[in-house]
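A short write-up of the structure that comes next.
Rule-based calculations on the coordinates, nothing more; no lab input. Bear in mind the structure is a predicted one, so any value in this text is a computation, not a measurement. All Cβ positions, even for glycine, are placed from backbone atoms using ideal geometry, and neighbour counts span all protein chains on display.
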Amino acid sequence: MPKSKKQTKHSKSQNDIEEQKVQIRSQLKQLGEKIYSDLNSQRFPTIHFPSRSVRNIVYDKKTKQYILGSNTVTRTASNIKQIRSVTQLTWLAFFANELMSNKKSSTLRDVYYSSQAYAVDYTDQPESDAIITDLESVISTARERLNIYPEERSAIFGDLDIEYTVPGYEGNRANLSSHPDGYLIGPSLSTADFVGTSAEMIIA
């Protein structure tokens, strides 16, 4: 029996999601290989990634979004003041890869407490959260794509139509203005397909 348009679209969406996961894990692996290569060559591990300063935020006409510009920052183990953050970032990349490999998720707070089991030192959770933001910049992806979510998840409300792709809800559609308190942004909403909206601009 031939597949319906809905089934075909769902299959394509699932394939896109899986491809994104493979790409993200590949980027995490490349980061680990880069650090290993530096150490093996007796060089101090060095990581470059886009600056998150206000001056480096630019508007992209193609995607109609504000994105990070071309300015970069460097974290290097050759600087004694940066050894700590390089170590934290390396561990976080490993932890995120483990989450994705085992199809698990974690909250920001859980990431902070999990680090203690690996003897990765943080002064407090805000320091841990900042390193997560750094990793987002390093591999140019949102933390939700790494299966890491805030403890108190944000909500979204408005005239946006989405289509779920998570197992068991594939193909189901919802309008995000149908719930007075908005929809919590969790794994199911983060991986949903955008269908349409009457809004001229969406502010996150």
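Run the simple label-point estimate for K104 and R173 please: 7 Å along Cα→C-beta, distance reported in nm.
Between K104 and R173, the simple spin-label model gives 3.8 nm.
Any idea what Rg and Dmax come out to for the stretch 39-183 if you just take the C-alpha atoms, in Å?
18.3, 58
Hey, can you grab everything whose amide H is under 5 Å from the amide H of V166? Only 5+ residues off in sequence or another chain; H modelled, so Pro and N-termini drop out.
Those lying under 5 Å, H to H, from V166: there are none.
When E127, E144 are ordered from fewest to most other Cβ atoms inside 10 Å of their Cβ, what list results?
By the 10 Å Cβ count, ascending, the order reads E127, E144.
With a Förster radius of 30 Å, plug the Cβ-Cβ distance of D38 and K81 into 1/(1 + (r/R0)^6) and report the FRET value to the nearest 0.05.
0.95
Quick one: 3J(HN,Hα) in Hz for the stretch 67-75, Karplus 6.51/-1.76/1.60 with θ = phi - 60°, rounded, Gly and Pro as x.
10, 7, x, 8, 5, 10, 10, 10, 10
Taking the simple approach of a point 7 Å from Cα along Cα-to-Cβ for both T46 and F194, what is their distance in nm?
In this crude label model, T46 to F194 measures out at 3.7 nm.
What ³J(HN,Hα) values, in whole Hz, does the Karplus curve 6.51 cos²θ - 1.76 cosθ + 1.60 give for the stretch 169-182 when θ = phi - 60°, with x put for Gly and Pro?
After applying 6.51 cos²θ - 1.76 cosθ + 1.60, I find 10, 4, x, 6, 10, 8, 9, 6, 9, 7, 10, x, 9, x Hz.
Along the charge dipole of the chain, pointing to its positive end and built from +1/-1 on Cβ of Lys, Arg, Asp and Glu, which listed residue (I17, Y112, S198) has its Cα farthest out?
Of I17, Y112, S198, it is I17.
If you average the C-alpha positions of the stretch 160-175 and of the stretch 97-127 separately, how far apart do those two centres end up, in angstrom?
Centre-to-centre (Cα) distance: 29 Å.
At most 13 other Cβ atoms within 10 Å and a DSSP loop assignment: could you name the chymotrypsin sites (Phe, Trp or Tyr not before Pro) in the stretch 100-186 that fit?
In loop regions of the stretch 100-186 (DSSP not H, G, I, E or B), the sparsely surrounded chymotrypsin sites (Phe, Trp or Tyr not before Pro) are Y118, F157, Y169.
What's the extension gain from V58 to S140 if we count 0.36 nm per residue and subtract their Cα-Cα distance?
28.0 nm
What shape does the stretch 144-204 have by the C-alpha gyration tensor, where a ≥ b ≥ c are the square roots of the eigenvalues, rounded means a/c under 1.5, and otherwise prolate means a/b greater than b/c and oblate the rest?
oblate
Using amide H atoms built 1.01 Å from N in the peptide plane, name the residues 5+ places from L160, or on other chains, whose amide H lies under 5 Å from its own.
When sequence neighbours closer than 5 places are left aside, the close amide H contacts are L176, S177.
Would you pull out the residues with amide H under 5 Å of A155's amide H, same chain only if 5 or more places away, H placed 1.01 Å from N?
Residues meeting the amide H criterion: I185.
Can you pull out the trypsin sites (Lys or Arg not before Pro) in the stretch 22-126 that DSSP calls coil and that have at most 14 other Cβ atoms within 10 Å?
Here the trypsin sites (Lys or Arg not before Pro) that fit, given the DSSP loop and packing criteria, are R43, K61, K62, K64, K81, K103, K104.
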